[in-house]
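What follows is a short report on a single structure.
Just so you know, all these numbers are worked out from the coordinates, no wet-lab data involved. Quantities reported herein were computed from a predicted structural model and do not represent experimental measurements. Cβ: placed from backbone, ideal geometry, glycine included. Neighbour counts: every protein chain shown.
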Amino acid sequence: MATEAVVVPISRPKPTYRPVNRTAERFFYTGMALLLCICVYIGFGPTYFRAGVVRAPLPSPILHIHGAVFTLWMLVFTLQAAFISARRVQWHRAFGTVAFCLPPLMIVLGIVAAIDALHRGVRIGPLDSPTSLAFPLINIVIFAFVIYASWRARRRPDAHKRLILLATFSLVSAAFGRFHWDAVGIPLAAGPATGTGAMILLLLIFELVTLRRIHRSTMWAAPLVLAGVVFAVPIGMTHAWHTFASWLM
């Protein structure tokens, strides 16, 4: 009698990852929110916070609105992280509906403030004003893209919180550009990339320690945020960008 061999497919075991430590995550994201607030205060302290905020001698009225709204975002971002840390998830979700009204306003104000700086001839160090325009404009566009992705991922907390954090990195890069990097031997032009890169490195280390891998959202958003800081000035030096800046003028 003929016999038939029964072939049993061998299934490869799925890779196992270390279980997520929720306590560590709560401490990490709350700590990062506070750290970013400190960075913003250090960067904009001399010209805005310690100058009286409302009474600060800013060169344009739009900058007062811009500064107030972006400061509000940092406070809301920290409050939302604190809600999660305190296990007030319902509060976080309810307040998140209000919080996500801010990004569209921030994007508009960021673009308007960047164009206003171009009209006033604002220069970043030795760069001319069209090249200087590239840094705020490119980074606000990247913020818009990543913050929209975070809104799309609002029902996936693991992706949502990482994208919110990375989007905020792109905003805080402006504060890093005002640090006194020359005091530690780092060129001022490399300041934003140095500060932003350090924040991303902290996130990567945290994920490797807690997850033993890099999260999928971090894998695509972190390089995008860092690229916006690193390549903004080289892009701003191109003829095509100067033509674009002349059109804006």
Which residue, 208, 224, 133, tops the fluctuation ranking in a GNM of the chain built on C-alpha contacts under 10 Å?
208
Output ³J(HN,Hα) for region 62-79: one whole-Hz value per residue in order, computed from phi by the Karplus curve 6.51 cos²θ - 1.76 cosθ + 1.60 with θ = phi - 60°, and x for Gly and Pro.
4, 5, 5, 5, 4, x, 5, 5, 5, 5, 4, 4, 4, 5, 5, 4, 5, 5
Top mean-square fluctuation among 221, 99, 193, Gaussian network model of the chain, C-alpha springs under 10 Å?
99
Exposure proxy order (Cβ contacts within 10 Å, fewest to most) of 128, 182, 116:
182, 128, 116
For a footprinting-style exposure proxy, rank 122, 40 by other Cβ within 10 Å, fewest first.
122, 40
Go ahead and collect, in residue order, the members of region 69-88 whose backbone nitrogen is under 15 Å from a label point 7 Å along the Cα-Cβ direction of residue 27.
85-86
With a point put 7 Å past each Cα toward its Cβ, work out how far residue 128 is from residue 151 in nm, to one decimal.
3.7 nm
At residue 230 and residue 69, where each label point lies 7 Å from the Cα along Cα→Cβ, what is the point-to-point distance in nanometres?
3.1 nm
Calculate, in nm to one decimal, what residue 101 and residue 54 gain on full extension: separation in residues at 0.36 nm each, minus their alpha carbon distance.
14.7 nm
In the set (1) 11.5; (2) 19.3; (3) 20.1, which value of mean projected area of the Cα convex hull in nm² was calculated from the structure you see?
(3)
Can you work out the PRE-style zone for residue 247? Point 7 Å along Cα to Cβ, and I want the residues of region 113-127 with backbone N under 20 Å.
113-120
Region 85-174 pair-distance distribution - Cα-Cα, 5 Å bins, rounded %
3, 13, 20, 21, 14, 11, 7, 6, 4, 1
Which number do you get for Rg(Cα) / (2.2 N^0.38 Å) in region 146-197?
1.44
Using the count of nearby Cβ atoms within 10 Å as a rough guide to exposure, how do 216, 178 rank from fewest to most?
216, 178
Estimated inter-spin distance, residue 89 and residue 186, nm [label 7 Å along Cα→Cβ]
3.7 nm
From the backbone phi of region 163-175, what are the Karplus-calculated ³J(HN,Hα) couplings (6.51 cos²θ - 1.76 cosθ + 1.60, θ = phi - 60°) in whole Hz, Gly and Pro given as x?
5, 4, 4, 5, 4, 5, 4, 5, 6, 5, 4, 5, 5
